[in-house]
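In what follows, a single structure is set out as structure tokens and then discussed.
Readers should treat all values here as calculations from the given coordinates under stated rules, not as data from a laboratory. As the structure is a computational prediction, the values presented were derived from the model and not from experiment. FYI the Cβ positions are ideal-geometry reconstructions off the backbone, even for glycines, and counts take in every protein chain you see.
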Amino acid sequence: MSETQIQEIELDIEAAREFIERGEALDRLRENKDFKLIIMDGYFRDEAVRNVQLKSTYQFRDAESQELITKAIDGIGALHTFFQTVDFQASEAGQAIRASEEEIEDIENGFGE
């Protein structure tokens, strides 16, 4: 029984490590000067401001233009939310790995039964 439990926990640890890898990859991207220029500054900041300003521009007050602008703003928000989710999952995965490793240790020492 203990070996089966350990194998299941190890599978959970492996899955958690994938979340951590994604988080680390995102951190590396954030440090890349081109990524900063295009995504962090160009898209999240400059493009967001541009679209917000367009919403109040007279030439873009028609319903179709407003809908397109709103979709563009929503897209920026969705990507930002995705990045936050990757960060959160990586953080949670790190905590889960530590807890799982302790659980394995307890099982191996006879405390988990």
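Odds and ends about this structure:
- Of all residues in the range 2-27 being among the β-branched types (V, I, T) and over 19 Å from the mean Cα position of the chain (by Cα), the one that is surrounded by the most Cβ atoms within 10 Å (Cβ to Cβ): I9
Listed here are the residues, each with its yes/no results for (1) within 28 Å of F111 (Cβ to Cβ); (2) in contact (Cβ under 8 Å) with a residue 12 or more places away in the chain; (3) among the aliphatic types (A, V, I, L, M).
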position: Q5; (1), (2), (3): yes, yes, no
position: E10; (1), (2), (3): yes, yes, no
position: A16; (1), (2), (3): yes, yes, yes
position: F35; (1), (2), (3): no, no, no
position: E47; (1), (2), (3): no, yes, no
position: R50; (1), (2), (3): no, no, no
position: Q95; (1), (2), (3): yes, no, no
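- The range 73-113, subset aromatic (F, W, Y) and surrounded by 12 or more Cβ atoms within 10 Å (Cβ to Cβ), residue farthest from I13 (Cα to Cα): F83
- Every residue from the range 26-47 that is among the hydrophobic types (A, V, I, L, M, F, W, C) and under 26 Å from I69 (Cα atoms): F35, L37, I38, I39, M40, F44
- Members of the range 18-38 that are more than 19 Å from F88 (Cβ to Cβ) and either in a helix (DSSP H, G or I) or in contact with a His (Cβ under 8 Å, 6 or more places away or on another chain) (or both): E31, K33, D34, F35, K36, L37, I38
- Among the residues of the range 66-89, those identified as farther than 21 Å from K36 by Cα and touching a helix residue (DSSP H, G or I) at 6+ places or on another chain (Cβ under 8 Å) are Q66, I69, T70, Q89.
- Scope the range 35-64; condition farther than 29 Å from Q84 by Cα and of a type outside the set (V, I, T); matching residues: Y58, Q59, F60, R61, D62, A63, E64
- Residue in the range 83-104 that is closer than 30 Å to S2 by Cα and over 27 Å from the mean Cα position of the chain (by Cα) present: yes
- Taken together, the residues in the range 22-48 that are of a type in the set (G, A, S) and more than 14 Å from A72 (Cα to Cα) amount to 2.
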